[in-house]
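Please treat every number below as a calculation from the coordinates, not as lab data. Because the structure is predicted, anything quoted here is derived from the model rather than measured. Note that we place each Cβ from the backbone using ideal geometry, even for glycine, and neighbour counts take in every protein chain shown.
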Amino acid sequence: MDNKKRLASTCVKRAKAKNVRAGASSAYVKRLKAALVKKEIHSNTIQQKNHNEISKVKPKQKGLADDARERLESARFRYLNEKLYTTSSSEAWNFFQEDPESFGVYHKGFKNQVLKWPVNPLDIIISDILKGPKHWVVADFGCGEAQMAHTIPNQVHSFDLVAANDKVTACDMASVPLAMKAVDVAVFCLSLMGSNIHDFLKEANRVLRIGGLLYVAEVESRCKNIQEFLKNIERFGFQLKENSLQKYFFLAKFNKIQNMSPKATLPRLYLKPCLYKKR
């Protein structure tokens, strides 16, 4: 009987021990699972934090890259701008024939500057030309992307150093491919650039018919004395009809009153370079 009791007691102890070990094992597994879950959560938290930090940095890096690119383009624009104002039209023509990409850079910078103005002088000129007959023929000197030709119904001869599109004829504006007295209107909108702008006005006189219109729009700060400058333009066979001063530019309208002899002694006109501040 005692042996049976001892055997039963031993079985109970073993069962308890087994249950204890099983419980311990179960608790261990639970702790292990909890630790793994905690580790995974921690890992995910770190990954999310890193992702957020990267997300914050990327736009900043992109912004810095864009800013650097804009500064580079701005510096290149200022260089090209100075070159156009200080060299002759023939030198500028040769330069852009070798590097037409620079012409695109210049016009992009130019457009960005004009967009900051409350009004574009070309819009005023276009509006005025639209009041006249549709049969008027127009010569747009320094047309850029030929906005006028794309806007008005008149026939427009668009000239610039590089042909930005199929409406533009690339040439030196001191010698455009037009016959004498071929047009009714000549336009220089922010395009009297170079050391020989007097040659441009002689060419405008050559291609305009008597009584034709000449529009000249220029940055006010380029002209030391606007009235004196306009009087000098009159010496090229023109008569001042209207003159208005806007916030950033002046706009003058002339009639052609006489043809100029190629041998005529004419003033060498000068306008200061239009300098833009560094960004």
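Below, the figures for the structure above:
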item	result
FRET E, pair E228, L130, Förster distance 30 Å, beta-carbon r, rounded to 0.05	0.45
Members of K134/K247; K167/K224; K134/K224; K111/K134 lying beyond 32 Å, as alpha-carbon distances in this model show	K167/K224; K134/K224
Cut-off under 5 Å, modelled amide H: who pairs with H157 long-range	V138, A139, D140
Computed lengthening from L266 to D166, 0.36 nm per intervening residue step minus Cα-Cα distance	32.5 nm
Spatial separation of Cα centroids for segment 161-177 and segment 74-146, in angstrom	11 Å
Protection proxy ranking of 121-130, 225-234 - average other beta-carbon atoms within 10 Å, highest first	121-130, 225-234
Pairs beyond 29 Å (Cα-Cα), from K116/K253; K116/K181; K131/K263	K116/K181; K131/K263
Spin-label pair R76/K111, simplified geometry with 7 Å Cα→Cβ offset, distance in nm	1.5 nm
Stretch gain in nm, segment Q155-M180, where the contour uses 0.36 nm per residue and the Cα spacing is subtracted	7.3 nm
Given K83/K231; K231/K272; K83/K272, the pairs whose alpha carbons are separated by over 22 Å	K83/K231
At most 15 other Cβ within 10 Å, DSSP loop - trypsin sites (Lys or Arg not before Pro), segment 107-164	K116, K131, K134
